[in-house]
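So the structure is just underneath, and the comments pick up after that.
The values are calculated or read from the model by the stated rules, or taken from the named source; none is laboratory data. Nothing here was measured: the structure is a model prediction, and the numbers come from that model. Cβ placement follows ideal geometry from the backbone for every residue including glycine, while neighbour counts extend to all protein chains displayed. Accessible surface is based on the protein model in full, side chains and every heavy atom, while ligands, DNA and RNA are left aside. Shrake-Rupley method; radii C 1.70, N 1.55, O 1.52, S 1.80 Å.
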Amino acid sequence: MLTLLAEQQECLWDEALPIEVRELPDDLAALDRLLDDPAVLGPIVERFRREVIEERRAVLTDGRPTIAMETYVRLMVLKQRYRWGYRSLMAEVSDSIHLRRFCRISLAERVPDDSTVRKLTRRIGPDTVNEITRVLIVEATRSKRFRPRAVRIDSTVIEADVKYPTDAGLAAHGVKVLAREGRKLAKLVKEKRRRVRDRSRSMGRTLRAVTRTIRRRSGEAKAEVLRLTAKTGELLEASIAETRRLVVIARRRARGRGAKAKLKAAAQLEELADRCEKVASQIKQRVTGEPIKDRLVSISDPDARPIRKGKLGKPNEFGYVAQLCEVTENTKRGARGLIVPAASVIGNPGEDTLLPDTVAELKRLGISPREVALDGGFNVGPTSEAFEDLAPERVFISGRQQPGSKRTQRRMQRYRTGAEGRVSHLKRGYGMDRSRLKGDEGQQIWTGWAILAYNADTLAVRER
C-alpha cells in the first residue's frame with residue numbers, strides 16, 4: 001500500500017528540546033520548503049498507478065504499507081548530497097535530530113531499514129526520478145524564480161563499479177561465480193551428483209603464472225601469457241558445461257510446490273553462463289588475434305563498456321556515457337543553473353548521437369534558449385539540425401562555429417569552459433563519478449538522483 005505523507009513527527013520528547021535544536025539549519029530549511037510541494041510526489045503516485053495496470057495488483061490500497069514517500073525522497077536527496085551509502089545514511093539520520101526532522105521521522109520512531117530504501121529505489125526506477133526533476137524545473141520556471149536564457153552541453157563518463165578488467169581476471173571471476181551459484185541451485189533442487197566444480201585454485205595458480213611471466217619482460221613472455229590466458233578460458237568453458245547440465249536437471253525437477261523459485265534460479269544461472277561464454281569467446285579471439293567488438297568488461301555489470309576519451313590520466317574508462325545539459329539565466333562567470341535529465345545509451349556514443357535526446361528534453365520542458373555553448377566534439381551539421389525547432393539566436397561550437405564579435409566569442413568560450421567545472425562539481429559533490437548500482441538502469445537511477453539533489457540545492461540556495 002502506498003503511503004505518501006509521514007505521520008505526526010512531533011512527540012513528547014520534542015517539548016523538552018531547546019528551540020535551537022527543533023529548528024532546521026538554513027540549508028535544510030530551504031530544502032524542506034522546496035520538497036514540501038505536493039507536486040514533487042505526483043510522479044511517484046503515477047508510477048504506482050502504472051504498476052496497478054501492468055501487474056493487476058492493487059498496490060495503492062492493499063498490502064503492507066510502504067514508508068512515507070516524502071521521507072523516502074528526502075532520504076535519497078541527503079544520500080546524494082553527502083555521498084553516503086545506504087547504511088551510513090540510516091546511521092546518520094538516526095543519530096541526528098535535525099536530519100530526523102528534515103526527513104519527517106519522529107524521535108520515537110524507528111528509522112527505515114537500509115534494505116527497504118535500496119529495494120524501493122530499484123522499484124521506482126529512473127523514469128520517476130527524472131519526472132520529479134522535470135517537476136522542479138517546470139515549477140521554478142513557471143513561478144519566474146528561474147528564467148532560462150543560455151544552455152551549455154557536455155558529455156562525461158559515469159564509471160561502473162568494477163575493477164580494471166582483464167581476460168584472465170574475468171575468467172577467474174566467472175569460475176568463482178558459477179561455482180557459488182551452482183551450489184545454491186543444486187541445494188534448491190536437491191541434486192547431489194551433478195555439480196559445478198570450483199576451479200578457483202587451478203585458476204589462481206594460472207593467474208600467478210601470468211604475473212610471473214609478465215615480470216620477465218622478454219620476447220617470449222607475450223606468447224607465454226597468451227598460452228596461459230587460453231588455459232583460463234578452457235577452465236571457464238569446463239565450468240560452463242557443468243552449469244548448463246545442472247540447469248537442465250533443475251528445470252526437469254521444477255514441479256509442484258516451489259517450481260517457480262527453481263525455474264527463476266535456473267534462468268539466472270543460465271544467464272550467468274551466457275555471460276561467461278562470451279568471456280570465453282573473447283579469450284579465443286584475443287589468442288587468435290581477432291578484433292573484439294562489444295567487449296564484456298564485467299560479469300556482474302554486463303551493460304558497462306570500455307570508453308576512450310583521450311584523457312592523459314585515464315585513457316581507458318569502463319562504464320557509461322551521459323550527456324549533461326545545464327540551463328542558466330546568464331553566461332556570466334560563476335553562472336549556476338539547473339541540469340535537465342541526462343541522455344545516455346549503452347556503449348561509447350558520440351556527442352551528435354545523444355544531442356537529439358537532449359534537445360527533446362529541452363522541448364519537453366518548454367525551454368527555448370537564446371544561446372547554446374558546445375565543445376569541439378559536436379559537428380556543425382547535426383547540431384544545426386537538432387536545434388532547428390528551438391531556433392536559438394547563437395550556437396557556439398568551440399573551434400568549429402564561433403559567431404559574434406571577439407568579445408562575444410570570449411564570453412561564450414568562458415561560458416562553455418564552465419561546463420567542465422560543472423561536471424567536476426557533480427562528480428565530486430554528488431557522486432556522479434561512479435555509479436554504485438549495477439546495469440544501465442542502475443546507472444540512470446544513480447545519475448537521476450544526483451541531478452535531482454543538485455537541482456534541489458541550486459533552487460534552495462536561491463531562496464535563502
Near pairs, Cβ below 8 angstrom, 6+ apart or cross-chain, from segment 180-201 (under 11 Å from Thr243 (Cβ atoms) and basic (Lys, Arg)) to any residue that is open to solvent by 100 Å² or more (accessible area, probe 1.4 Å) and part of a helix (DSSP H, G or I): Arg194/Arg245; Arg195/Arg183
Residue list for segment 360-372, restricted to those being surrounded by fewer than 17 Cβ atoms within 10 Å (Cβ to Cβ) and either among the small types (Gly, Ala, Ser) or not in a helix (DSSP H, G or I) (or both): Ala360, Gly366, Ser368, Arg370
Residue match in segment 196-203 (condition: assigned to a helix (DSSP H, G or I) and crowded, with 19+ Cβ neighbours inside 10 Å): yes
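From the residues in segment 410-461 that are closer than 26 Å to Ile299 by Cα and touching an Asp or Glu at 6+ places or on another chain (Cβ under 6 Å), which one is surrounded by the fewest Cβ atoms within 10 Å (Cβ to Cβ)?
The residue in question is Arg436.
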Search result, residues across segment 342-359 that are in a loop (DSSP other than H, G, I, E, B) and either out of contact with any Leu (no Cβ under 9 Å at 6 or more places or on another chain) or of a type in the set (Asp, Glu) (or both): Ile346, Gly347, Asn348, Pro349, Gly350
Ala304 surrounded by fewer than 13 Cβ atoms within 10 Å (Cβ to Cβ), touching a Leu at 6+ places or on another chain (Cβ under 9 Å) and either modelled with pLDDT of 95 or more or under 30 Å from Leu437 (Cβ atoms) (or both): no
From the options Arg255, Arg251, Arg244, Arg227, residue that is among the basic types (Lys, Arg) and in a loop (DSSP other than H, G, I, E, B): Arg255
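Results for (1) charged (D, E, K, R); (2) open to solvent by less than 100 Å² (accessible area, probe 1.4 Å); (3) more than 30 Å from Lys184 (Cβ to Cβ), shown as yes or no for each residue.
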{"residue": "Leu207", "(1), (2), (3)": "no, yes, no"}
{"residue": "Arg215", "(1), (2), (3)": "yes, no, yes"}
{"residue": "Glu237", "(1), (2), (3)": "yes, yes, no"}
{"residue": "Thr243", "(1), (2), (3)": "no, yes, no"}
Count - residues of segment 172-195 that are within 14 Å of Lys231 (Cβ to Cβ) and open to solvent by 70 Å² or more (accessible area, probe 1.4 Å): 0
Failed criterion for Arg152 (all others in (1) open to solvent by less than 30 Å² (accessible area, probe 1.4 Å); (2) modelled with pLDDT under 95; (3) charged (D, E, K, R) hold): (2)
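Please go through segment 336-364 and give me each residue that is polar (S, T, N, Q) and more than 19 Å from Gly442 (Cβ to Cβ), ordered by number.
Result: Thr353, Thr358.
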Qualifying positions in segment 42-75 - of a type outside the set (A, V, I, L, M, F, W, C), assigned to a loop (DSSP other than H, G, I, E, B) and in contact (Cβ under 8 Å) with a residue 40 or more places away in the chain: Thr61, Asp62, Gly63, Arg64, Pro65, Thr66
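Does segment 307-325 contain any residue that is part of a loop (DSSP other than H, G, I, E, B) and open to solvent by less than 10 Å² (accessible area, probe 1.4 Å)?
No - not one qualifying residue is present in segment 307-325.
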Filter result (more than 17 Å from the chain's Cα centre (by Cα) and either acidic (Asp, Glu) or at positive phi (or both)) within segment 302-325: Gly310
